[in-house]
Amino acid sequence: MSTVRSNTDLEEVARALVAPGKGILAADESSGTIKKRFDSIGVESTETNRRDYREMLFTTEGAGDYISGVILYDETIRQKASDGTPLVEILQRQGIIPGIKVDTGAKPLAKSPGEMVTEGLDGLRERLVEYRGLGAKFAKWRAVINIDGDRIPTQYCLDVNAHALARYAALCQEEGIVPIVEPEVMMEGNHTIERCYQVTCDSLHATFDELYAQRVEFEGMLLKPNMVLPGKDRGKASPDEVADATIRCFKTAVPAAVPGIVFLSGGQSDEEATANLDAMNKRGPLPWQLSFSYGRALQAPSLKAWKGDKANVDAGQRAFLHRARLNGAARSGSYSPDMESGAA
Ligand code: 13P
């Protein structure tokens, strides 16, 4: 009998990203998305403003206590802080692992109106070599799965996105980079939580079928899914309902060999995203670490406090550290809403 071992370097990085009490900051907004975020606080999206904002987040003292890794955008992984230090180096000094978004965005899916497919495979092998040279140890690729009645998503959409996710993941592992595999079932719509459950299970089954077929090592990857929620226009489910439905779905679809599941926040408020993660972790023990890889839910209060003004950097950093600490508590199910008022 041969002993089949996974690539221990990949496994080590994957496990470090879901270390107890810590999670990932998604700061990989594309130019279009960061412009929307800046518009909301009346700040122009210039290269310097984007740098200043991300520098504020990354230099937050103590961030490394709660943040294991940061997902960067192509522009950011090449940028230097105002004192000339590469932003990647600032993260490394904090003990934070740099990662990189490598997809080039979701585009309309041919012959399936209302559905999307994510692009970015062309030249990916070469880009991964370059990103590894720039310090990236993990990567992200996001697939977008819309829900519209019983018609959407089609199996065609689930399959092409799963195929692309698996091709990306295999290329990453070949280059020694941990792939974060993100099939996001969107919250937009008025569907029930049961419909989200069904679509999320179908999407995860399609994704893991392809990952297996394309020889991706489950031990050296992370899954970044949505939580199972009712559509945005439907109203809210309690953290207990979300936790029950989400864990039930993952138990049917996510192999136990996957070290961690790192949720996206997807448009939940920052407090909801923390409370829902906490409710899931109160239900342990589970086969995988359940953690966060939040964009909006980690950044929203900090962005509001900053407002593009240097004088507000301290306030922005306090707001960021506070959210990071509360999500760190949710990793062990030890968050309580009372902690919200104690802004650091
Ligand atoms: P949100 O947490 O804002 O959904 O962003 C996470 C992310 O990286 C989406 O790809």
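The values are calculated or read from the model by the stated rules, or taken from the named source; none is laboratory data. Small disclaimer: the values here were computed from a predicted structure and weren't measured. Cβ placement follows ideal geometry from the backbone for every residue including glycine, while neighbour counts extend to all protein chains displayed. The accessibility values were calculated without ligands, DNA or RNA, using every heavy atom of the protein model including side chains. Shrake-Rupley method; radii C 1.70, N 1.55, O 1.52, S 1.80 Å.
Hey, any hits in segment 70-91 for a residue that's open to solvent by 60 Å² or more (accessible area, probe 1.4 Å), modelled with pLDDT of 95 or more and within 23 Å of Q214 (Cα to Cα)?
No, segment 70-91 has no match at all.
Test R54 against the criterion of being open to solvent by less than 30 Å² (accessible area, probe 1.4 Å) and within 15 Å of the ligand (Cβ to nearest atom), and give yes or no. Lay out the reasoning, then the answer.
On the way: open to solvent by less than 30 Å² (accessible area, probe 1.4 Å): yes; within 15 Å of the ligand (Cβ to nearest atom): yes.
It is true that R54 is open to solvent by less than 30 Å² (accessible area, probe 1.4 Å) and within 15 Å of the ligand (Cβ to nearest atom).
Select, from A324, A315, A311, the only residue that is in a helix (DSSP H, G or I) and either aromatic (F, W, Y) or in contact (Cβ under 8 Å) with a residue 24 or more places away in the chain (or both).
Details: A315 fails: either aromatic (F, W, Y) or in contact (Cβ under 8 Å) with a residue 24 or more places away in the chain (or both); A311 fails: either aromatic (F, W, Y) or in contact (Cβ under 8 Å) with a residue 24 or more places away in the chain (or both).
One residue alone meets the criteria, A324.
So is L321 modelled with pLDDT of 95 or more and within 16 Å of the ligand (Cβ to nearest atom) or not?
On the way: modelled with pLDDT of 95 or more: yes; within 16 Å of the ligand (Cβ to nearest atom): no.
So L321 fails the test.
Can you pull out the residues in segment 181-192 that are surrounded by 21 or more Cβ atoms within 10 Å (Cβ to Cβ) and out of contact with any Gly (no Cβ under 7 Å at 6 or more places or on another chain)?
V181, E182, P183, V185
Only one residue in V258, V262 is within 13 Å of the ligand (Cβ to nearest atom), hydrophobic (A, V, I, L, M, F, W, C) and crowded, with 19+ Cβ neighbours inside 10 Å. Which one? Step through it out loud before you land on a result.
On the way: V258 fails: within 13 Å of the ligand (Cβ to nearest atom).
None of the other options fit; the residue is V262.
Filter segment 121-168 down to residues that are more than 16 Å from the ligand (Cβ to nearest atom) and of a type in the set (S, T, N, Q), then give me how many there are.
Of the residues in segment 121-168, 2 are more than 16 Å from the ligand (Cβ to nearest atom) and of a type in the set (S, T, N, Q).
Among the numbered conditions (1) within 20 Å of V181 (Cβ to Cβ); (2) within 16 Å of the ligand (Cβ to nearest atom), tell me where C249 comes up short.
(2)
For S45, only one of the following conditions fails: (1) under 26 Å from G260 (Cβ atoms); (2) crowded, with 16+ Cβ neighbours inside 10 Å. What is its number?
(1)
Do any residues in segment 34-49 that are more than 17 Å from A311 (Cα to Cα) have Cβ atoms under 9 Å from those of residues that are at pLDDT below 95, where the two are at least six apart or on different chains, and which pairs are they?
Qualifying pairs under 9 Å: S45/S31.
Go through segment 310-338 and count every residue that is over 20 Å from the mean Cα position of the chain (by Cα), over 23 Å from M56 (Cβ atoms) and open to solvent by less than 70 Å² (accessible area, probe 1.4 Å).
3
Restricting to segment 71-108, name every residue that is hydrophobic (A, V, I, L, M, F, W, C) and within 20 Å of A169 (Cβ to Cβ). Break it down into steps so the answer makes sense when it comes.
Our first condition is that a residue be hydrophobic (A, V, I, L, M, F, W, C); within segment 71-108, this holds for 71-72, 77, 81, 87-88, 90-91, 96-97, 100, 102, 106.
Result: I71, L72, I77, I97, I100, V102, A106.
Check L303, L290 and return the single one that is farther than 30 Å from A253 by Cα, within 16 Å of the ligand (Cβ to nearest atom), hydrophobic (A, V, I, L, M, F, W, C) and open to solvent by less than 40 Å² (accessible area, probe 1.4 Å). If you could, list the steps in order and put the result at the bottom.
On the way: L290 fails: farther than 30 Å from A253 by Cα.
Among L303, L290, only L303 is farther than 30 Å from A253 by Cα, within 16 Å of the ligand (Cβ to nearest atom), hydrophobic (A, V, I, L, M, F, W, C) and open to solvent by less than 40 Å² (accessible area, probe 1.4 Å).
Report, by residue number, each residue of segment 10-36 that is touching a Lys or Arg at 6+ places or on another chain (Cβ under 8 Å) and part of a helix (DSSP H, G or I).
Within segment 10-36, V13, I34 meet the criteria.
Contact list please: Cβ distance under 8 Å, first residue in segment 132-147 and open to solvent by less than 20 Å² (accessible area, probe 1.4 Å), second residue aromatic (F, W, Y), pairs at least six apart or on different chains.
Within 8 Å, the pairs are A139/Y131; A139/Y168; W141/Y168.
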